[in-house]
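Written out below as C-alpha cells is the structure these notes cover.
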Amino acid sequence: MTGKEPAGALARILAGETADSLESRTLDFKRQGRSREDALRMLAAAAACFANDIGGMLVVGVHDRIAGAEAFEGTDLDPVRVVQRIYELTEPSLIVSSHEIEYAGRRLLVVSVPRSPDIHQVDQRTTHRVGTSCVPMTAAQIASALADRRSVDWSAGDAELDRSHVSPVALDIARSLLRQSPDPARRRYAAETDGDLLRILGLLGPEGRLNHAGALLLVDPGPQEDARDLAVYQFRKTPAGEPTVVQRIAGPLLRTLVRVLEIIDARVDKTPVNLPGGQQVQLADLPEAAVREAVVNALVHRDYRLGGPVRIEHAPTRLLVASPGPLVFGVTVENILTTTSRPRNPALARAVRVLGLAEEAGVGVDRMYREMVRVGHQPPRYVEEPDQVTVTLLGGAPNRHVTRYVAALPEAEQDDADTLLILYHLLTHRVVSAVDAAPLLQKDVVESQEVLLRLSTEPVAMLEPTRETARRRAPNYRLRSPVLSALGPAVRYRRGQGDDAERKVVELLRAAGQINARMVRIALDLDAQATSRLLSDLVERGTLVRVSESRRGPSVTYGPGPGLPAVGRRRSGRGPSASAADSPLF
C-alpha cells in the first residue's frame, strides 16, 4: 500500500481496534453486503458526501464493529465498475479513483474521493460529512458552499445603496482607526474626502454605489428596518454560571467590532510580570491580540448569507466565539494553522485590514496561537459544526516562568508558532517525536522533524535528543536541563530517577573536585553494577573523564569532562539554555 492509503488504520484494526472507532472526517469503512447494486449505490452516496465536504477515502470489505482479522470480510466489487457507477449515480457526475489491495488475506477496495468544486447528490439527496456522519445539507448551506467553491465574493456585490446611506458616526470611527495606525500612508487616508476614503477601502462598486462590504461596515440600518443583531455578548462570572451581562449589538459592523472589543477589554484582568531585562509588563488573562483575532475573524469571515448573530460568551478566564457558517472551503480544523486560505468575504476583509483591525490573510490564526501559548495558555480550540464554527480561548493568569523564558529566546523564536507549540507540549510531556509533533504543528512528519532539529541546535538549543534514541534518524526530543530549570514549576512532571542520579553525581564532583565509584555508590545508595553503568554513561557523554592511570576497577578516578554543564554561564544572543558543548542532565 502507498502512504496515501489507510495502512495505519488497517494495522490497528488487525491489532484489536474496531473500524468504527477509527473513522474520521476523511475515512470511512464499508461492508459490501449481499447486493452488488445496493453496495454501489451506497458507495455513490458516501462518495458524494465526502466530495461535498473536503474529500476522503472509502475502504470496502471491512466490518466496522468487529476487531482483529475477522473484521476483514473482503469484497469482489470491480474497481472499474465502482468508478463508472459512482459517475452515473451522482448529479452532477463525480469522478473518483478506485483500486484493490490485499490485506490480512482478503481483497479490499479503496475508493479515493477528491474535494469537488460542485455539490453532488444521489437520489435527490444532498449530504456532507460532519465528523463521521453524512448529514443532509440545507438549501442555504448548498448555496453558500457553491459560492465559496466558485470564488463568488458576496461582500463585493452591489448593495444598491448610494453614499448618502453611510453613517457619519461609522465613518468617523474609520478615520479614527486610520489616524491611530503606525503606517504613515494609512494615517494620511484619514484626511481623504468621504468618496476617496470609500474608494481606498474598496467599498464602492463600479457604478459608485456601496457594495455589501460597505453597507455592512458603514450603514446604520435604523430603528424602522428589520435590523438583525450582528453580535450577542454574554458575560458570566464563572464559565458555567448564569449570564450577568447580555448585550445585543446591531450594525454598522465597524461600530460592532469596536464596541465588542471594548466590552471584552473592560472585563479582562491584567497581571504584572517582570521580564528578564527588568522590564515590567501588564499581561491580560486573555491576550488582547488573541481576543481581537477571534472576534474579528468571526465577524468578518462568517457567512452573511446565513442568519443569526455571532455569539460571544465571556468569563474571566474563557472566551467562546461562535460564528455562523462552516469554515471556508479547503480549510479544516486540522489544517487551519498552516493552510493557505482565502477569506470568505475578500472585499470586507480587505477593508478591515486597511483599517488596522485584522492581520493579513493567513496570519491571524497563527498569531492567535502564538499569543496564547507564549504566556503558558492552551492553543485556541476550534470546533466545526454544520452551521457554525466555534473558537474557544482558555486563559487565566499568565504563567510567569513560561513568559520569562519565551522573552529570553532569540527574537525570531519568540514569534514562531512552531517553537511555542513544541515548548507548550513539553510542559506536560517528557518527550516529543516528529510523529507526535506533526498533528500539533499541522505539518507532515518531515517538516516536523526539521523543526525539532532546529530547536535542538544553536542559537535556540531548547531541545536535546534522548540518549536512547539519539542515534535514530528521527529521535525523541526533550527539554534541556537549563530550560527545565528556567521553566521551574511550569513543567508538570518530575525528573526521572536516572536523571536525578546524574545531577547528584555532578553536584558531588563539583563539591569534591574528583570522584570515584565508591563515593558515588555511597552518596546515591546504588549497587556496584548500577554505579558502573551510570559512570560509564557519563564518560561516554563527556560529562566525566577518567583522570587516573587505572581504567578499570575501584581505583579509577573521574574529573570534569568537556560536556559538564557550566554553572551560571550564558552566551549572548541565547535564551536560558545549554551551549552546544554542554551535555544536559535531563
Counting only residues that are in contact (Cβ under 8 Å) with a residue 60 or more places away in the chain, open to solvent by 30 Å² or more (accessible area, probe 1.4 Å) and in a loop (DSSP other than H, G, I, E, B), how many does the stretch 238-263 have? 2
Members of the stretch 184-203 found to be open to solvent by 30 Å² or more (accessible area, probe 1.4 Å) and touching a residue at least 40 places away in the same chain (Cβ under 8 Å), listed by number: 186, 189, 200
Which residues, counting only those in the stretch 119-130, are buried (at least 17 other Cβ atoms within 10 Å of the Cβ), of a type outside the set (A, V, I, L, M) and not in a strand (DSSP E or B)? 120, 126
Breaking point among (1) within 30 Å of residue 399 (Cα to Cα); (2) in a loop (DSSP other than H, G, I, E, B); (3) open to solvent by 10 Å² or more (accessible area, probe 1.4 Å), for residue 320: (2)
So which of 140, 104 is among the aliphatic types (A, V, I, L, M) and surrounded by fewer than 16 Cβ atoms within 10 Å (Cβ to Cβ)? 140
Among the listed residues 310, 281, identify the single one that is open to solvent by less than 40 Å² (accessible area, probe 1.4 Å), without any contact (Cβ under 8 Å) to a residue 12 or more places away in the chain and in contact with a strand residue (DSSP E or B) (Cβ under 8 Å, 6 or more places away or on another chain). 281
Any idea which of 163, 125 is touching a helix residue (DSSP H, G or I) at 6+ places or on another chain (Cβ under 8 Å), among the basic types (Lys, Arg) and closer than 30 Å to residue 208 by Cβ? 163
Which one of these is touching a Cys at 6+ places or on another chain (Cβ under 9 Å) and of a type outside the set (Val, Ile, Thr): 45, 11? 45
All helices (runs of 4 or more DSSP H) inside the stretch 1-97 with 3 or more residues being over 36 Å from the mean Cα position of the chain (by Cα): 36-51, 79-89
Just for helices (runs of 4 or more DSSP H) wholly inside the stretch 477-534: which have at least 3 residues that are within 22 Å of residue 467 (Cα to Cα) and at pLDDT below 85? 497-512
Scan the stretch 418-431 and report the pairs whose first residue is open to solvent by less than 10 Å² (accessible area, probe 1.4 Å) and whose second residue is acidic (Asp, Glu), with Cβ atoms within less than 8 Å and a gap of 6+ or a chain change. 419/413
If you go through the stretch 435-461 one residue at a time, how many are open to solvent by less than 20 Å² (accessible area, probe 1.4 Å) and either in contact with a strand residue (DSSP E or B) (Cβ under 7 Å, 6 or more places away or on another chain) or β-branched (Val, Ile, Thr) (or both)? 5
Among residues belonging to the stretch 19-57 that are acidic (Asp, Glu) and without any contact (Cβ under 8 Å) to a residue 12 or more places away in the chain, point out the one that is most open to solvent (accessible area, probe 1.4 Å). 38
Identify, please: which residue in the stretch 58-68 is open to solvent by less than 40 Å² (accessible area, probe 1.4 Å) and touching a Phe, Trp or Tyr at 6+ places or on another chain (Cβ under 9 Å) and is, among those, farthest from residue 101 (Cα to Cα)? 63
Picking from 68, 3, 16, 61, the residue that is modelled with pLDDT under 90 and either in contact with a Leu (Cβ under 9 Å, 6 or more places away or on another chain) or over 23 Å from residue 130 (Cα atoms) (or both) would be 3
What residue, of 219, 232, is over 30 Å from residue 54 (Cα atoms) and either within 28 Å of the chain's Cα centre (by Cα) or open to solvent by 50 Å² or more (accessible area, probe 1.4 Å) (or both)? 232
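The values are calculated or read from the model by the stated rules, or taken from the named source; none is laboratory data. Predicted, not measured: the structure shown is a model, and the values here were computed from it. Here the Cβ is made from the backbone with ideal geometry for all residues, glycine too, and neighbour counts use every protein chain on show. Ligands, DNA and RNA are excluded from the accessible area calculation, which covers all protein heavy atoms including side chains. Shrake-Rupley method; radii C 1.70, N 1.55, O 1.52, S 1.80 Å.
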